[in-house]
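Read through the structure below, which is laid out as structure tokens, and then see the notes.
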Amino acid sequence: EAQVTQNPRYLITVTGKKLTVTCSQNMNHEYMSWYRQDPGLGLRQIYYSMNVEVTDKGDVPEGYKVSRKEKRNFPLILESPSPNQTSLYFCASSSGTGAGDGYTFGSGTRLTVV
Amino acid sequence: GEDVEQSLFLSVREGDSSVINCTYTDSSSTYLYWYKQEPGAGLQLLTYIFSNMDMKQDQRLTVLLNKKDKHLSLRIADTQTGDSAIYFCAERLGYSTLTFGKGTMLLVSP
């Protein structure tokens, strides 16, 4: 089944403790992206990647890092999480070509930083 | 920068039609999308329209695009309680970046 898999689904952590949220897609998509969703703010793009070793900042990159060493994986790294990073995070992928190519989204990771 | 705006809330009765509206600012958008998010779930692509089209119909869904006014709408015919969700409008710019609106919560009452 074509899908984007994020782990974990839920995470509670303490301020300053490094964490990684994993994202993997099995559709051979070139384009991957991370969003955070907050009440009243909708989805805001954190980082995106157009291919292996090619990443760029989205609208809200501060406090986050990403890497794209392989096509299928695009982990989101919080080196020193803070409470304002408490949010619902979505990973998405796209082939980036063809008519109407939207994103396929993962199920989300709900992160709480205390 | 780019901005996509939607009304925040819509309430309808089961069996009625729902119309969710969206405005966007970037005239270079190539595609416009509608996504649905059910509680506790990710976003599911419902439908899309190419920017040179005026209308697209897909079963109960009708998308209307007024490019001059940069206005997009999603009409859901015969709305059911299972259609209750948050609906996001998004525009595609450039290679693959999607910019989303804040979402419209649709509540369908029996």
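Structure data summary
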{"quantity": "Residues of segment B:7-22 classified as surrounded by fewer than 17 Cβ atoms within 10 Å (Cβ to Cβ), touching a Lys or Arg at 6+ places or on another chain (Cβ under 9 Å) and not aliphatic (A, V, I, L, M), total", "calculated": "1"}
{"quantity": "Qualifying positions in segment B:1-37 - closer than 12 Å to residue B:67 by Cα and without any contact (Cβ under 8 Å) to a residue 60 or more places away in the chain", "calculated": "B:23, B:25, B:27"}
{"quantity": "Members of segment B:76-110 that are modelled with pLDDT under 95, touching a Gly at 6+ places or on another chain (Cβ under 7 Å) and of a type in the set (D, E, K, R)", "calculated": "B:102"}
{"quantity": "Residue ranges of strands (runs of 3 or more DSSP E) in segment B:44-110 with at least 3 members in contact with a Lys or Arg (Cβ under 9 Å, 6 or more places away or on another chain) and within 14 Å of chain A (Cβ to nearest Cβ)", "calculated": "B:61-66, B:85-93, B:97-100"}
{"quantity": "Count - residues of segment A:1-23 that are hydroxyl-bearing (Ser, Thr, Tyr), under 14 Å from the mean Cα position of the chain (by Cα) and away from chain B (no Cβ under 14 Å)", "calculated": "2"}
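The values are calculated or read from the model by the stated rules, or taken from the named source; none is laboratory data. These numbers were taken from a predicted model, which means no experiment stands behind them. For neighbour counting, all protein chains shown are included, and Cβ atoms are generated from backbone atoms with ideal geometry for every residue, glycine included.
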